[in-house]
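J.: Here you go, one structure.
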Amino acid sequence: VTVWVTNGVNHFDITPAAGLTAGGVGIWTGCTLNGLPVLNNGINPPFWWNGETGEVCQPLPDWPLNTTAKSIRAYKYHLIALNITQNSIEIPNMVMWSDSADPNSVPGSWTPLPSNDAGDSLLAEELGGLVDAEPLRDQLVIYRQHSTALCNYVAGQYVFSFRELFNTSGIQALNCAAEVRGKHYVITDDDIIVHDGNQFKSICDNVIRFYVFRAINPDNQYMCCIAARTSADEVWFNFPRVDGT
């Protein structure tokens, strides 16, 4: 497994020096914080790149040992990690957040201390494990498979607050939500919706919804994803057909 970056002409191998474990497709998440890319595959510890083509990606500073996350996203000046596995024990409703990052840097600590903003929390387990998250205006929307929560930055002792948003709508897989002009477009477990952080509505008629969710290959549903092409006023909803991989 290798990680590459291109300037449009040349390609540069920026794979972390320790290498990466192969794990198939549909497992990667990525984000940028302070203009710096952060990548995660749920198998190896997440890592970042400083933008120099002559240098490889580096592990996130102070990332906990023997810990992985299903998804990692940027929100405000923090990195947010979801669905945590520690010492081979999965904690699907756990969210961790880093200390706030200085300008032009990634966060320096994930260890909660009185002197920093790092921390963690367990969200409502009965509503399912955490899958992915995506910022929406001034909030972070956290998606489970069948429900959705909101995260807000409140500073002070608690740093972030969490509340339930939708208890009947979640997300199909990683990378199945995209923000376009103040709204999220989402592939859920049984529909394709748009929401503004308050209410959601389906953007499929019954015929299209029936076709799409009958056509998705159940063995490869984790490969569903969304691509937002804002310059063309388009949002693409991609899914693997039953007869394909």
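J.: So which residues in the stretch 46-94 are under 18 Å from Asn116 (Cβ atoms) and in a loop (DSSP other than H, G, I, E, B), if there are any at all?
T.: Correct list: Leu60, Pro61, Asp62, Trp63, Pro64, Lys76, Tyr77.
J.: So, one more: If you check Asn152, Asn198, which single one turns out to be touching a Ser or Thr at 6+ places or on another chain (Cβ under 8 Å) and of a type outside the set (Val, Ile, Thr)?
T.: After applying the criteria, what remains is Asn152.
J.: Next up: Can you tell which of Thr111, Thr32, Thr21 is open to solvent by 50 Å² or more (accessible area, probe 1.4 Å) and assigned to a strand (DSSP E or B)?
T.: Thr32
J.: On the given criteria, is Thr6 under 22 Å from Glu179 (Cβ atoms), open to solvent by 20 Å² or more (accessible area, probe 1.4 Å) and of a type in the set (Ser, Thr, Tyr)?
T.: No; evaluated as a whole, the condition is false for this residue.
J.: Restricting the search to the stretch 126-144, which residues are open to solvent by 10 Å² or more (accessible area, probe 1.4 Å), within 10 Å of Asn83 (Cβ to Cβ) and under 9 Å from the mean Cα position of the chain (by Cα)?
T.: Answer for the stretch 126-144, where residues must be open to solvent by 10 Å² or more (accessible area, probe 1.4 Å), within 10 Å of Asn83 (Cβ to Cβ) and under 9 Å from the mean Cα position of the chain (by Cα): just Val131.
J.: Related question: Mind counting the residues in the stretch 57-77 that are more than 21 Å from Val141 (Cα to Cα), open to solvent by less than 50 Å² (accessible area, probe 1.4 Å) and touching a residue at least 40 places away in the same chain (Cβ under 8 Å)?
T.: 5
J.: Identify all residues within the stretch 186-225 that are hydroxyl-bearing (Ser, Thr, Tyr) and in contact with a strand residue (DSSP E or B) (Cβ under 8 Å, 6 or more places away or on another chain); write none if there are none.
T.: Selection gives Ser202 alone.
J.: Checking Gly108 against (1) under 17 Å from Ala74 (Cβ atoms); (2) in contact with a Cys (Cβ under 9 Å, 6 or more places away or on another chain): exactly one of these is not met. Which one?
T.: Here Gly108 clears every test but (2).
J.: Related question: Which residues, taken from the stretch 201-245, are closer than 19 Å to Tyr143 by Cβ, open to solvent by 80 Å² or more (accessible area, probe 1.4 Å) and not charged (D, E, K, R)?
T.: Within the stretch 201-245, Tyr222, Trp236 qualify.
J.: Residues being part of a helix (DSSP H, G or I) and closer than 17 Å to Gly170 by Cα: count how many of those fall in the stretch 219-245.
T.: Within the stretch 219-245, residues that are part of a helix (DSSP H, G or I) and closer than 17 Å to Gly170 by Cα number 3.
J.: Oh, and also: Only one residue in Ser71, Ser121 is within 24 Å of Leu165 (Cα to Cα) and touching a Leu at 6+ places or on another chain (Cβ under 6 Å), so which one is that?
T.: Exactly one of Ser71, Ser121 is within 24 Å of Leu165 (Cα to Cα) and touching a Leu at 6+ places or on another chain (Cβ under 6 Å), namely Ser71.
Residue by residue, here is whether (1) in a strand (DSSP E or B); (2) crowded, with 20+ Cβ neighbours inside 10 Å; (3) of a type in the set (Lys, Arg) holds:
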site: Ile27; (1), (2), (3): no, no, no
site: Pro37; (1), (2), (3): yes, no, no
site: Met96; (1), (2), (3): yes, yes, no
site: Asp102; (1), (2), (3): no, no, no
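J.: While we're here: Within the stretch 114-125, which residues are open to solvent by less than 30 Å² (accessible area, probe 1.4 Å) and more than 20 Å from the chain's Cα centre (by Cα)?
T.: Asn116
J.: What pairs can you find where one residue is in the stretch 84-97 and over 13 Å from Glu125 (Cβ atoms), the other is open to solvent by 60 Å² or more (accessible area, probe 1.4 Å) and assigned to a loop (DSSP other than H, G, I, E, B), and their Cβ atoms are less than 6 Å apart, with a gap of 6+ or different chains?
T.: Qualifying pairs under 6 Å: Asn87/Asn66.
The values are calculated or read from the model by the stated rules, or taken from the named source; none is laboratory data. Here the structure is a predicted model, which means the values were calculated and not measured. FYI the Cβ positions are ideal-geometry reconstructions off the backbone, even for glycines, and counts take in every protein chain you see. Surface areas here come from the heavy atoms of the whole protein model, side chains and all, with no ligands, DNA or RNA. Shrake-Rupley method; radii C 1.70, N 1.55, O 1.52, S 1.80 Å.
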